[in-house]
Amino acid sequence: QVQVVESGGGPVQAGGSLRLSCAGSGRSFTGYTIGWFRQAPGKEREFVVLINWNSGRTDYADSVKGRFTISRDNAKNAVYLQMSSLKPEDTAVYYCAARLGSGSRYSSFGSWGQGTQVTVSS
């Protein structure tokens, strides 16, 4: 099972941008679906976006569509989440997760990172 580690979070002002990284170790992301999820204080964890490594198929939550972009780097075995036009409501801990095989936003993901905090101030 691949292990994932997130990085790139931090404080940012509303309207700004951040890029989160999800690095895979232990094995290649080939054959995996990689997802980003987030959890704000006092709220349930929610789906943000996913990418199927092999096909490149993506799925975005409506709340981030047009503002966030997921991409992958085969050479670095990494997935990136470019976040733009950030809003205070995007404040959350962002988690990267990996699932072997295809998957959807409703699938279970087996490998989770420790999370990275994103704080958007108004």
What number of residues within segment 91-122 satisfy the criterion of being closer than 21 Å to residue 57 by Cβ and aliphatic (A, V, I, L, M)? 3
Could you list, in sequence order, all residues of segment 5-23 that are aliphatic (A, V, I, L, M), closer than 17 Å to residue 92 by Cβ and touching a Gly at 6+ places or on another chain (Cβ under 6 Å)? 20
Hey, among the residues in segment 42-90 that are among the basic types (Lys, Arg) and closer than 19 Å to residue 6 by Cα, which one's surrounded by the most Cβ atoms within 10 Å (Cβ to Cβ)? 72
Number of the exception - residue 118 against (1) open to solvent by 40 Å² or more (accessible area, probe 1.4 Å); (2) touching a helix residue (DSSP H, G or I) at 6+ places or on another chain (Cβ under 7 Å); (3) hydrophobic (A, V, I, L, M, F, W, C): (1)
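The values are calculated or read from the model by the stated rules, or taken from the named source; none is laboratory data. Predicted, not measured: the structure shown is a model, and the values here were computed from it. Positions of Cβ are backbone-derived with ideal geometry, glycine not excepted, and every protein chain shown enters the neighbour counts. The accessibility values were calculated without ligands, DNA or RNA, using every heavy atom of the protein model including side chains. Shrake-Rupley method; radii C 1.70, N 1.55, O 1.52, S 1.80 Å.
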